[in-house]
Structures are given as structure tokens and as C-alpha cells.
1. Return only the number of the condition from (1) in a loop (DSSP other than H, G, I, E, B); (2) farther than 21 Å from Asn309 by Cβ; (3) in contact (Cβ under 8 Å) with a residue 12 or more places away in the chain; (4) not basic (Lys, Arg) that Gly152 does not satisfy.
2. So Asn100 passes all but one of these: (1) surrounded by 17 or more Cβ atoms within 10 Å (Cβ to Cβ); (2) modelled with pLDDT of 95 or more. Which condition number does it fail?
3. Quick one: in the range 323-352, which of the residues that are modelled with pLDDT under 95 and surrounded by fewer than 20 Cβ atoms within 10 Å (Cβ to Cβ) is nearest to Gly211 (Cα to Cα)?
4. Among the residues of the range 91-130, write down those that are closer than 13 Å to Gln183 by Cβ and either assigned to a loop (DSSP other than H, G, I, E, B) or small (Gly, Ala, Ser) (or both).
5. With the requirement that a residue be modelled with pLDDT of 95 or more, in contact with a Gly (Cβ under 7 Å, 6 or more places away or on another chain) and under 30 Å from Asn100 (Cβ atoms), what does the range 10-62 give you?
6. Residues that are under 30 Å from Phe429 (Cα atoms), in a strand (DSSP E or B) and of a type in the set (A, V, I, L, M, F, W, C): does the range 363-381 have at least one?
7. Residue by residue through the range 279-319, note down the ones that are part of a strand (DSSP E or B) and either closer than 21 Å to Phe345 by Cα or within 20 Å of the chain's Cα centre (by Cα) (or both).
8. Tally up the residues in the range 209-249 that are part of a strand (DSSP E or B), of a type in the set (Gly, Ala, Ser) and either within 21 Å of Ile420 (Cα to Cα) or free of Cβ contacts under 8 Å to residues at least 24 places away in the same chain (or both), please.
Amino acid sequence: MKNQMLLLFTLLFYTSHSFSQGPEITSWLQNTTETGSYYTNGNSNTISNGVLVNCQQVEYTNDFVYVTTEGVPSYPTGPFLDGNPSQSQAQGSIYKLPLNPQPNNGAPTATTMGTIGIFINGVSLYDYRDGVAWNPNTNALCGGPGNQPCPGGPMANMDWNRDAIPAEMDGFDCSKGHPAMGQYHHHQNPSAFDLDLNVVSTVCNLYDAEGLYAIDVNEHSPLLGYAYDGYPIYGAYGYANQDGSGGIVRIKSSYQLQNITTRPGGPDVGQVITTTGPNGGQQELFLGYFREDYEYVSHAEEDYLDEHNGRACVTPEYPNGTYAYFCTVDENHNSAYPYAVGPTFYGVYSNASVNNVPGATTIYTPPTTGLNNGFKSLRFDVFPNPSMDLIAIQANGIVKEKILVELFSSTGQLVRNTEITPGRTIAYFDVQTLHQGAYSVRVSCGESIKNFKVIR
């Protein structure tokens, strides 16, 4: 039944999108003026990196879309408290993605180290791994800083491959990202740690940042990007049923930890080893430390995903249906394996990173009118209220157009103003020097305005 539904969706999708500018072309956040920023360890003030954020150009043919990007987000990056010396650096990348992706009817293609997808802000998506694995010949970790190389080199697949999310927790910034040789990337749902229902990292306490979007449990999560096979990637929430009915629910991974105490050819669960490198010391190899600690368990419920972490379904951007991946989280909004795409691709895969764009393309220019339609659907939280020293204005969803944020006194006098730029989610007002009393916050995009009352 699922395959029949997907076939129908695919036929309808081709009919409606083959000769129009679909979301594969129009969803990218484009920018040619704004530059990024970063934190350094011990300094809560951001520093400009001078690199253009988001995507710089989108071009397309009948068959492919080409996205040019430096790979740097508009939200601040860093610091990386695991000793990673890198910062987010300009990549000068070009990605080529199919406009009509095809299911892979043969043996599934495994995801690999490095980029396997692109978020709409041009930032890379990596899969679960970080290049560290278990070498049974030496009974020690291999690959990564401070370890001996793995047999077969860094791209070799070992029996026990480390899961980057729990193993590298200290190395993620507040936005749940980090760089590899200057390439900033996410392995997981790109929403800030401090927005999770159970906050598992303290990095946001000093180095406040955001993410590509903020989870709204009442709305279908936005389109976040595309995998290398051309299929879309969504956030954590979607329609309960594949046909778009049933309300909004958390879309769930079908992977779970195995009930094991030993790992054949690998270390025992709970074994403690001594590691080297920047943060060397005692390391417990807990259940969930390696990707192979998980097993796939099929579910009949439609809000559970398949072995690729996706499903055939209706989404807001694809009302006729598509196959889509989801950035899975648990009930506390903490990242849930396999996090986004994987461990195999659903569609026909090809390396989407290319060196140039062919000459016969059409450049997509975003419209300059009607942009506030997305703003109208955004929900904003203003907190804390009452406030002692700081007021935060949080957009729930993805900000795709520049939003003006203003703070007015009870007499209507403008006392503070700032902006939320595309690809960011939050703005702040320092109100420590303001008189106590009632104020109003106005957020606007063009002629669309939303007002909120706050108390200082």
C-alpha cells in the first residue's frame, strides 16, 4: 500500500512540478549583503567573520537546480568547547540537485562521511558519523584526532562506527553545529539546544545562538533542505497520516537501541577506555555510542518513518505528495537517531558537489513583493514577561524575510529597534536601563504587523 501511495504521489508531483518553479528552486534563502559572526571561547560577544551567509545564487535547468553558497549560516557559530580549533569558513560550494528525484529500486546506497544534504541556508548536512570507529585489530578507537587511522582509510566502514551526536556533544555550539576543517555543518535537527524541552547542553548559557528554525508543535515543520538524492528534508513535526489528515504530530524514528551487553568484534557495552587527543581521558562506551547499537523496527503507524528516516506523504510544499525525510527528535525534542537522512538514501544518489554551473541555466530571482505571506503564518513568543533585564522575541518556524522588531514605551515612543534577518529566529532587547512599567513590542514585515504587551 505504501509503495502504491508513493507511486501515485510521484506521478502527481511530476505533473504539477515538471514545468514550474517548485520548492526545490524557490525555497533557498538567498543573500548577497549580510555577513556572519562567531563566538570565541570565553567571549559572549560575537565577532564578524566577513563571510556572506545563506545562499548566494540559485540556477536551474529542466532537470537540476544549482545552489551556490559559502556554507555559513546567518545565526552565530561557535565556540566549540571540545578543542576544535576551526571556525566556520567560506566554502565556495556549488550543489547540483535533481528536480525530479527517483526512488532507488536496487540495493540501498549508504550515507557517507561529509555532506549528504544541504539546508536551505546553504549549510551542510552530515550523517550520524564523525570518522571515529572501533579497530578490532588494536582493540582501540581509530580515526579522528589523537587516534590511529582506521584500516582502509577515513571513508572505510567499520563494524562499529561512532555516533557523533552523543560522542561529540561538547563540540557542538548552541545551534547544534560544528566545523570540519572549516566546513560548518549539522548532523541533526538544526534548532538551538536551549529551545529543547529537556536542555542537554549548557553551551547556550554564555554563547546564545539560534538555529535554522524553532519547533512549533502546533504546525507542520518547515522545509529545511534537500538530501543529495533530491528528496526534501523537514523538521520534527508533520501530519499524522500520509495523506495530510490526522492533525500535527511528532514524526518518529523507527530505530531503537538494541538490548545488548556485548558487541561482537567490538568493545563491551559500558567498557571504559582511555582516549587521547585534545580532550583525552576516560571514556565510557555506553549503549548508543556506536551507530550499530541501534536496530530498525518496522511500525504500522503512519507517523513512524522507514529505514531511511523518511516516508511518502503530503506536506505543505507538496500537496500532491512526495517522499520526504524528517529531522527526528524524541519527546523532549532531543535529537533521535538517525537524526535526518540515513543510514541509507531512499533515492538514487549522486555526489551533488560540483565545480561549476553549466551555461544554459535560468537564474532564479526571489520575488520582491508578497513576501510577508510567510510572516503572517509565523508565531512569536515574547519572554520573559515580566522581564528584569532582557526581552527575547522568538519566531517559531523559519524566517524567510527581514523582520523589523521595535520596542515602544506606554506613550508610544520608540525606545529600541532591531531586526530578525532570514535564517535567524530570535531578537533581544536589553532593558536594564529602562524605567519599570508597561511596554509594547511590534514585529512587522511590510504592512503586516503583530503587537505584544510586556512589563519591565
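The values are calculated or read from the model by the stated rules, or taken from the named source; none is laboratory data. Predicted model, so just to flag it, every value in this text is computed and none were measured. Cβ: placed from backbone, ideal geometry, glycine included. Neighbour counts: every protein chain shown.
1. Going through (1) in a loop (DSSP other than H, G, I, E, B); (2) farther than 21 Å from Asn309 by Cβ; (3) in contact (Cβ under 8 Å) with a residue 12 or more places away in the chain; (4) not basic (Lys, Arg) one by one, Gly152 breaks only (3).
2. Among (1) surrounded by 17 or more Cβ atoms within 10 Å (Cβ to Cβ); (2) modelled with pLDDT of 95 or more, Asn100 violates only (1).
3. Asn351
4. Gln91, Gly92, Ser93, Met113, Gly114, Gly122, Val123, Ser124 - these are the residues of the range 91-130 that are closer than 13 Å to Gln183 by Cβ and either assigned to a loop (DSSP other than H, G, I, E, B) or small (Gly, Ala, Ser) (or both).
5. Once the filter is applied, which keeps residues that are modelled with pLDDT of 95 or more, in contact with a Gly (Cβ under 7 Å, 6 or more places away or on another chain) and under 30 Å from Asn100 (Cβ atoms), the range 10-62 yields Leu29, Val53, Asn54, Cys55.
6. Yes, there is a match, as at least one residue in the range 363-381 is under 30 Å from Phe429 (Cα atoms), in a strand (DSSP E or B) and of a type in the set (A, V, I, L, M, F, W, C).
7. Selection gives Phe290, Tyr294, Glu295, Tyr296, Tyr304, Gly310, Arg311, Ala312, Cys313.
8. Result for the range 209-249: 1.
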